Amino acid sequence: MSKVNRLSKTIDFHPVDIDRVRNDDLWCTRFLEMYDLDMQMSFDKLWNTCIWRQSFRANDLNESNVRKDYLQDGVIFPHNTDVDGKPLLIFKTKKHIKGSKDMNEILKVLVYWIERIHRETYMEKITIFFDMDGCGLSNMDLEFIKMIIDTFKQYYPNALNYILVFEMAWVLNAAFKIVKALLPEKAVEILKIITKKTIDTYVDKDNCLASWGGNDNYEFTFTPEVKKLKVNGSVPTEDPNNNVQDKKVHFANSSPTRVPAVAPIHMHEPDHSPQEQAMLEISPSDELKFSRDDSNDGEIKLTCKSSTPVAYKIQTTSPDKFRVKPRCGILNPGETVVVNILLKPEHKLSGNGKDKFLIMCVPALDVQPQHVVEYWRKVGQDSPDMENYRFLCSYTDDDKSTPKVIANGVGSSPVDNARDYVSVSATETRKLEKQLKFTQTLQWITLVVLFILSIAVIYLLKLQIVNDEGCLSKDGLADAVDFATCAKGKADL
């Protein structure tokens with residue numbers, strides 16, 4: 001019995017979450033992707049998330065237990081999709097006034113929409129769209145934005161496709177620096193500042209609201225969710241050679257032992273020759289190189305060294321960046337396959353060895369190639385016969401001293417990996433907040449000075465007009481005094 005089965009008896013986890021762990025690999029995959037295939041850390045984060053979801057009642061949020069006025073005010077709502085077909089979760093920032101709402105209730109609304117989108121789209125990634133058009137300092141609520149960031153970072157890992165910030169005013173630059181500092185490294189890579197001129201790079205015109213310069217005249221009105229009944233045990237399947245699913249990486253599906261960190265990984269050490277019983281011979285052996293020019297493709301050659309057929313499967317920590325074909329299959333004894341890996345043109349490799357690949361293989365007797373996906377669902381993640389091979393990705397001109405694969409295949413210790421995702425220190429946050437307050441104060445001072453100068457200019461213009469009228473109203477002197485004399489008289493005054 002797995003750790004989840006044992007401990008879920010003492011901790012009352014929600015049945016929906018238990019079912020996800022047991023029968024649906026996508027949720028567990030998200031944690032592994034977020035934490036660079038660090039099994040122990042992924043498991044710990046998954047465990048804490050299940051505890052939070054049960055205490056917050058995330059699965060039970062609906063229109064009857066969330067404040068209706070917050071649902072209907074149009075501050076947070078989903079509508080349309082981005083260029084990748086991912087649902088947009090829109091934040092109309094100018095409708096939010098700092099300090100005017102209960103943050104706990106706003107959090108419920110946020111989680112309600114996230115859960116609803118995941119139910120309606122089978123846990124599809126979400127693009128957050130911050131509509132900052134017309135937003136001022138009174139709308140810039142750091143507590144509100146921190147809440148959004150922390151919710152996704154802690155409890156919905158690797159669930160974002162993009163973070164789009166639309167038409168941000170220059171006076172909010174200091175606040176934006178704080179927001180950017182709070183984001184984990186992977187979130188910074190998908191953060192995009194856009195305007196009406198550049199929005200079509202991420203959202204096409206037909207899906208853009210009219211206020212964004214698009215063709216959609218949609219006005220938000222809340223519509224209750226229509227829930228669909230799920231057939232027990234039915235989960236979507238994938239075609240191993242279907243490139244439409246390149247952004248999803250699927251683990252084996254069916255048993256509780258799929259939970260990360262339940263079983264140890266048998267590491268393939270790149271600095272040593274493969275063991276005699278190794279099922280695969282892999283080239284390259286430890287690092288996949290990419291060129292910085294237009295030919296952003298690489299390949300891995302897999303050769304079956306086993307006396308029996310072998311099933312292989314390839315996963316990556318950065319599924320948005322790479323296109324892998326074929327991603328899984330069957331190799332007969334002595335057979336070789338070349339796996340093509342394309343680094344998409346719009347992406348670059350991350351620094352510090354963040355982009356990695358994992359190749360898993362298990363014996364596959366009497367398994368037909370067309371049934372390999374289902375076979376992986378049955379095998380599970382902790383099969384004693386499984387072999388794992390991990391690779392770093394780098395450019396051909398990178399420093400040769402870059403550290404390669406070590407224990408757990410992450411290129412650094414679990415503690416170092418944890419630090420990568422810890423938010424900026426409290427001291428730095430306070431420093432940035434002071435900068436924001438200084439900017440706000442400076443703006444108010446500037447407005448006051450401009451107001452005083454405006455009054456002074458108006459007063460001087462009025463005084464000039466009065467003097468001119470006084471000079472022209474002296475009818476008895478008008479014939480005897482010329483304009484120069486009048487001007488001189490005004491000067492004498």
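The values are calculated or read from the model by the stated rules, or taken from the named source; none is laboratory data. Please read these numbers as outputs of a predicted model, since none were measured by experiment. Backbone-built Cβ (ideal geometry, glycine too); neighbour counts: all protein chains shown. Please note that ligands, DNA and RNA were not included when accessible areas were found on the heavy atoms of the full protein model with its side chains. Shrake-Rupley method; radii C 1.70, N 1.55, O 1.52, S 1.80 Å.
When the stretch 297-350 is filtered for residues that are open to solvent by less than 10 Å² (accessible area, probe 1.4 Å) and not in a strand (DSSP E or B), the ones remaining, listed by number, are THR317, PRO319. Scanning the stretch 31-66 for residues that are under 17 Å from the mean Cα position of the chain (by Cα) and either in the same structural domain as ARG119 (by the TED database) or more than 17 Å from TYR156 (Cβ to Cβ) (or both) turns up just one, ASP36. Quick check: anything in the stretch 329-343 hydroxyl-bearing (Ser, Thr, Tyr) and free of Cβ contacts under 8 Å to residues at least 40 places away in the same chain? Yes; the residues of the stretch 329-343 include at least one that is hydroxyl-bearing (Ser, Thr, Tyr) and free of Cβ contacts under 8 Å to residues at least 40 places away in the same chain.
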